[in-house]
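The structure appears right after this line, and notes come after that.
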Amino acid sequence: MDQTTLNYIVVGLSFALYFGIAIWARAGSTGEFYAAGRGVHPVLNGMATGADWMSAASFISMAGLIAFTGYDNSTFLMGWTGGYVLLAMLLAPYLRKFGKYTVPEFIGDRFYSTAARVVAVICLIVISVTYVIGQMTGVGVTFARFLEVDVTTGLLIGSAVVFVYAVLGGMKGITYTQVAQYCVLITAYTIPAIFISIALTGNAIPPLGLFGDHTESGLPLLTKLDQVVTDLGFASYTGHHSNTFNMFLFTMSLMIGTAGLPHVIIRFFTVPKVADARWSAGWALVFIALLYLTAPAVGAMARLNIMDTIQTGEVGSPEGNLLYAERPQWIKNWEETGLLSFEDKNGDGRIQFYNDKNADFASRAEEFGWAGNELSVNRDILVLANPEIAQLPGWVIALVAAGGLAAALSTAAGLLLAISSAISHDLVKSVFNPEISEKGELMTARIAMTGAILLATYLGLNPPGFAAQTVALAFGLAAASIFPALMMGIFSKRINSKGAIAGMLVGLVLTVGYVFTYLGMFFIPGTNILPNTPDNWLFGISPASFGTVGAVFNFLAAYVVSMQTEEPPQEIQDLVESVRVPRGAGGATGH
């Protein structure tokens, strides 16, 4: 059986599973559409949350980011996992106790203001639409490579699949579909990692293999990798080369951005009890850790495999580089997608893959007769190409295809539900037509979901920027707008509606303004006001790290405005107390 047919069979079976779950778990009420009837077991909710969270960025891109940068990109691991600790400790149980369906609903009721609710809806839609672009792009890339269709066709197929189970099932259908998707994606991620770890280190546990010895050379794997990359002018893999201050701000932005993502937060509204919300977050961390502990190993081992494939002998020797005519099949396959390309700059018919931006290496490259780096590799292909690079069986390649699609589709569905819930429940039901019937609201939610899918498909076909850029902006926006409002809403009785609105608007506008100043309006080349270089950054703060600064200004604006205006009504202060303290808990006693 050829590889394409095998890919179709495995991916088709996974889609059939999702459709079957959608029909079985069809939502029959708004409670089921928005919150799965609040009947999801914490373990299953943790698994669904893991799938919701482990998007195309985690499954497809993260290992690539680590592979081509090394230690410095461990910020993604620290920030994203740390965000779930914040969620478990500071947000999830309190928001579940509040007992409503959506993030804007909490903000609107806590700050006793329709205007605050509408501002929260705006923030939610901007964050979710920005984030969903990367997911839809990931769907198109995965389809284009493994099912041999063009990106547009792949994206349309993916949108149709999401439409069936998201519009039919709402949160109920999405939850149980995400449980299945988690099983698919974690299996698809770990099996190739195990094969590769055994091949390179003899250890079947990838995280342990990462710190084990390289079988062929006898050196520690990371020492061998450092040696290979530095010999070709790249920065050492295990060294710290970036600005520590920016590294801290970026990690913090990812942490509080994670804790403020609406599509993640609403998962904790689906469990029966307040305690279950905390347990859900704990289980989510367990399920996420299975992938996140494996990702650094995947990144390092894939980088070493790529370097060994291209660098076939001693650096600088005439036969040291791979002949382009003898390139392996995986390079040919990915060349067809345009995500990997070769340009023979010195006309020797061999592939030179080195850091031509390193001035210290330039003289050596000139001695070797090299005229520049000749291989361009899109980082997003690394996980998808890994089984082919390591020459693993065809069924593993097919499984990775299904896993990549599961990761992208699961997060896209969660984001689209957050958008449709905000429109149907927080705008139509609460602002424009409070008398709408439950049946009418459910129909509105499904129409809103359909519209969101159409918009996401359009943006996936015409992305305003690179997926990594738009996803980074989504985290910055969540950190600067939603997270501070939730924290102040739970832990401060003094912050009033005027303060909350001012804070969210200040955080949102400052962050968008700063990012677009350096990266251009919607990342369109040539529309930036200032060059995106460290010399031009305000106080050396990179655009990707600015979410933390936006959050600080959100807190400050909310506090200053609240202190200059009236206190919240007593019933709101009582509400805050009720949300913070478990009902029926006794007072402290001496022992």
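The values are calculated or read from the model by the stated rules, or taken from the named source; none is laboratory data. Worth saying up front: this structure is predicted, and the values here are computed from it rather than measured. Ideal geometry is used to build each Cβ from the backbone, glycine not excepted, and the neighbour counts take in all protein chains shown. With ligands, DNA and RNA removed, areas are computed over all heavy atoms of the protein, side chains included. Shrake-Rupley method; radii C 1.70, N 1.55, O 1.52, S 1.80 Å.
Among the conditions (1) closer than 20 Å to residue 388 by Cα; (2) open to solvent by 10 Å² or more (accessible area, probe 1.4 Å), the only one that residue 16 does not satisfy is (1). Whether a residue is in contact (Cβ under 8 Å) with a residue 24 or more places away in the chain, touching a helix residue (DSSP H, G or I) at 6+ places or on another chain (Cβ under 6 Å) and part of a helix (DSSP H, G or I) was assessed, and residue 498 passes this test. Residues in region 62-81 that are open to solvent by less than 20 Å² (accessible area, probe 1.4 Å) and in a helix (DSSP H, G or I): 62, 63, 64, 66, 67, 72, 75, 79, 80. Restricting attention to region 100-148, the residues that are open to solvent by 10 Å² or more (accessible area, probe 1.4 Å), more than 30 Å from residue 3 (Cβ to Cβ), within 14 Å of the chain's Cα centre (by Cα) and polar (S, T, N, Q) add up to 1.
Of all residues in region 544-574, how many are in contact (Cβ under 8 Å) with a residue 60 or more places away in the chain and either touching a strand residue (DSSP E or B) at 6+ places or on another chain (Cβ under 7 Å) or not in a loop (DSSP other than H, G, I, E, B) (or both)? Give the derivation first.
So in region 544-574, the residues in contact (Cβ under 8 Å) with a residue 60 or more places away in the chain come out as 544-551, 553-555, 558-563, 565-569, 572-573.
If we keep only those that are either touching a strand residue (DSSP E or B) at 6+ places or on another chain (Cβ under 7 Å) or not in a loop (DSSP other than H, G, I, E, B) (or both) as well, we get 544-551, 553-555, 558-563, 572-573.
Here the count works out to 19.
Would a scan of region 211-231 turn up a residue that is open to solvent by 50 Å² or more (accessible area, probe 1.4 Å), outside any helix (DSSP H, G or I), closer than 22 Å to residue 382 by Cα and in contact (Cβ under 8 Å) with a residue 60 or more places away in the chain? Yes: one or more hits. The residue that is farthest from the chain's Cα centre (by Cα), counting only those in region 21-42 that are farther than 18 Å from residue 444 by Cα and open to solvent by less than 40 Å² (accessible area, probe 1.4 Å), is 25. The set of residues in region 241-292 being under 17 Å from residue 172 (Cα atoms) and among the small types (Gly, Ala, Ser) consists of 277, 280.
For region 9-30, give me each residue that is touching a residue at least 12 places away in the same chain (Cβ under 8 Å) and farther than 15 Å from residue 184 by Cα. Those that are touching a residue at least 12 places away in the same chain (Cβ under 8 Å) and farther than 15 Å from residue 184 by Cα: 22, 23, 24, 25, 26, 27, 29, 30. Here residue 214 passes the criteria (1) under 30 Å from residue 550 (Cα atoms); (2) in contact with a Lys or Arg (Cβ under 8 Å, 6 or more places away or on another chain) except the one numbered (1).
Restricting to helices (runs of 4 or more DSSP H) lying wholly in region 405-495: which have 3 or more residues that are under 30 Å from residue 555 (Cβ atoms)? Don't jump to the end; show me each part of the working.
On the way: elements: 438-461, 467-477, 483-491.
Once the helices (runs of 4 or more DSSP H) in region 405-495 are filtered for at least 3 residues that are under 30 Å from residue 555 (Cβ atoms), what remains is 467-477, 483-491.
Filtering region 195-210 to residues that are open to solvent by 50 Å² or more (accessible area, probe 1.4 Å) and either touching a Pro at 6+ places or on another chain (Cβ under 6 Å) or not in a loop (DSSP other than H, G, I, E, B) (or both) leaves 195, 198, 199, 208. When the test is whether a residue is at pLDDT 90 or above and among the aliphatic types (A, V, I, L, M), residue 221 passes it.
Regarding residue 421, is this residue within 24 Å of residue 299 (Cα to Cα), out of contact with any strand residue (DSSP E or B) (no Cβ under 9 Å at 6 or more places or on another chain), surrounded by 24 or more Cβ atoms within 10 Å (Cβ to Cβ) and not β-branched (Val, Ile, Thr)?
Numbers: within 24 Å of residue 299 (Cα to Cα): no; out of contact with any strand residue (DSSP E or B) (no Cβ under 9 Å at 6 or more places or on another chain): yes; surrounded by 24 or more Cβ atoms within 10 Å (Cβ to Cβ): yes; not β-branched (Val, Ile, Thr): yes.
No; evaluated as a whole, the condition is false for this residue.
For region 320-334, the criterion of being out of contact with any Ser or Thr (no Cβ under 9 Å at 6 or more places or on another chain), of a type outside the set (Ser, Thr, Tyr), closer than 23 Å to residue 78 by Cβ and touching a residue at least 60 places away in the same chain (Cβ under 8 Å) is met by no residue.
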